[in-house]
1. Please verify whether the stretch A:318-325 includes one or more residues that are in contact (Cβ under 8 Å) with a residue 60 or more places away in the chain, within 14 Å of another protein chain (Cβ to nearest Cβ) and not in a helix (DSSP H, G or I).
2. Any residue that is assigned to a helix (DSSP H, G or I) and within 14 Å of another protein chain (Cβ to nearest Cβ) - is there at least one of those in the stretch A:242-258?
3. Is it fair to say A:I28 is under 20 Å from A:L290 (Cα atoms), surrounded by fewer than 17 Cβ atoms within 10 Å (Cβ to Cβ), of a type outside the set (D, E) and out of contact with any strand residue (DSSP E or B) (no Cβ under 9 Å at 6 or more places or on another chain)?
4. Return yes when B:Y250 is surrounded by fewer than 17 Cβ atoms within 10 Å (Cβ to Cβ), touching a residue at least 12 places away in the same chain (Cβ under 8 Å) and part of a strand (DSSP E or B) and no when it is not.
5. Kindly establish whether A:L35 is over 27 Å from A:N209 (Cα atoms), in a helix (DSSP H, G or I) and of a type in the set (A, V, I, L, M).
6. What are the residue pairs meeting all of these: first residue in the stretch B:182-211, first residue without any contact (Cβ under 8 Å) to a residue 24 or more places away in the chain, second residue of a type in the set (S, T, Y), Cβ atoms under 9 Å, and 6 or more apart or on different chains?
7. What strands (runs of 3 or more DSSP E) completely inside the stretch B:1-89 contain at least 3 residues that are over 19 Å from the mean Cα position of the chain (by Cα)?
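Please treat every number below as a calculation from the coordinates, not as lab data. These numbers come from a predicted model, not from an experiment. Counting neighbours? That spans all protein chains shown, and the Cβs are built from the backbone with ideal geometry, glycine included.
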Amino acid sequence: MKKTGILFLTVSVLLVCVFIYSAITGSIHVTPIELLEGLITGQHAQVEIIKDLRIPRMLIAMFTGAALSVSGVLLQSVMRNPLADAGVIGISSGASFFSLMAITALPQFYFYSPLFSVLGGAIACFLVYVLSWKGGLSPIRMILVGIAINAMFTGMAEAFVTICSYFNITINQSGQSNLTMKTWGDVRLIGVYGVVGLVVALFFSRWCNLLALQDKTAKNLGLRVTRMRLLISITAVLLAAVTAAVAGVIAFVGLLIPHISRRLVGSDHRVLIPFSALSGALLILTADTLGRTLVAPNEIPASTIMAVIGGPFLIFLLRRGDRLHGHS
Amino acid sequence: MDIREVSFSYDQQKDIVQSVTTHIEKGKITTIIGPNGSGKSTLLSLMAHNHAPNKGQIHLDGQALNAFKPKELAKKLAVVHQQNEAPLDLTIERVVAFGRTPYQTMRGGDKEEDERAIEWALSSTKLTEKRKVPLASLSGGERQRVWIAMALAQKTPILFLDEPTTYLDIYYQFDILELIRELNVVHGLTIVMVLHDMNQAVRYSDVIIAMKDGQIISEGQPNDVLTEEMVRHIYHVSVTIRQDAETGMYIVPVGI
């Protein structure tokens, strides 16, 4: 317990440090003192620009990381599969494709675009579930089906963009992850849906613990296992879909963070879920900050950085396949 | 518990359990035996409501199993499965506490009552000293006791065990069976279990139900059920049945 406390503190302190560093670094540079003064007084011109352009982006990066990590934890729990990640198995790209279509066809409903995302994500999740089910969910089969679903939705989104540009229809958003040009409106969007999703996930943490037992054991403890699975899946899809709508597809976060967090704080979801959220926020904020400062004025998208780190990590997990069944 | 004309199949083709009718007596240890594929574990899982019968009815205290709310059933009947899974970093105490799930409500439930039940479950299974230890550091036999403790924490009058001794060495087989007997004698639990070993069944059961091809062939007291003819009929193995002054009846296979 004490160790867990120290870990929470460490990640929180790191998050604050990275936040401050990220806020003051970039094409406009201020000192931390100037930043603080400017934020309080509202008189500092450069800080105002940072407040309008940089801070929303940072907040979105943090929400994205937290939401994707928790979505990964929930999916892994529901599918009893350590490889489940919304970005890898196509939930994010399904969500992204649907929100792309919705925004193009009905731009006036921008605030509700996450609802279309959730629909797309749910369809992808359902397809993965049904197509990889063979008397149980084998982790490897599920990931293969998921990659196919992901490829399908990514392809459909690209085709959609191409077709639309042919007809000179402006596309607000491409399927590729993009954290630039974010506004406080986007923050509100991801904030509202993201916070709801995270709170609900925390509420489900006790259920996630019980799903680690066998289904029949959980059933004998008086639980309605199918209903629990459904509700947790919906929450996971919501979290992944809202980030896909706002920040595009970022894969591997939901794989990397839960795995490392489980090593650090154990598999009790009451601790694992908040810790993953915090670490995920730290990871994506760091990735985005690095992405825009390393080769400035050019940018490397956070999703690219995650793919570079995440790809090898997935291979590492697959290589240890004997432990994929997880528990014993 | 009353089982009436119960049939069940996984694939709608071959009935794994075929119109089984029997009655489980309160306060006794009942053991279901039979060869592989005889439907004994399936019958137990039907009785535990893990599967619903295709035909027939199972009643507990005069009420059909499917009429119980899941949590209410979990307060009457606990099950220890043959194989169990849990994250290995959980402490024994945490795993046993899962047994309190049926008593938890939106507002949390009765903490003191939970604590008392967990305490009792741990002490009955002699795990009190290991309560803070992670599951990973226990042997297979000790883990089996943890699963039994979890079921005990449910505080049910009935306990089902599916092949509780199968993966254990002889020390823990004995250890677990003695524990089961103690739960029956001292705490009055009604016990139904599936066993492979006929001698263990003889020694630890009040009632034996012998199954073959999804049907009950014979049931009653061990020495009435397990005759040389019956064992040959059920298992196609010739045995000789002896009496020992200390341990009572025992069965020795002599040929196929």
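1. Yes, because at least one residue in the stretch A:318-325 is in contact (Cβ under 8 Å) with a residue 60 or more places away in the chain, within 14 Å of another protein chain (Cβ to nearest Cβ) and not in a helix (DSSP H, G or I).
2. At the first step, the residues of the stretch A:242-258 found to be assigned to a helix (DSSP H, G or I) are A:242-247, A:253-258.
Subset that is within 14 Å of another protein chain (Cβ to nearest Cβ): A:258.
Scanning the stretch A:242-258, I find at least one residue that is assigned to a helix (DSSP H, G or I) and within 14 Å of another protein chain (Cβ to nearest Cβ), so the answer is yes.
3. Here the answer is yes, as A:I28 does meet what is asked.
4. Values: surrounded by fewer than 17 Cβ atoms within 10 Å (Cβ to Cβ): yes; touching a residue at least 12 places away in the same chain (Cβ under 8 Å): yes; part of a strand (DSSP E or B): yes.
Yes: the conditions hold for B:Y250.
5. Numbers: over 27 Å from A:N209 (Cα atoms): yes; in a helix (DSSP H, G or I): yes; of a type in the set (A, V, I, L, M): yes.
Answer is yes for this residue.
6. Here the result reads B:V186/B:S124, each pair linking the stretch B:182-211 to a residue that is of a type in the set (S, T, Y).
7. Values: elements: B:2-8, B:17-23, B:29-33, B:55-60, B:77-80.
Counting at least 3 such residues, we get B:2-8, B:55-60.
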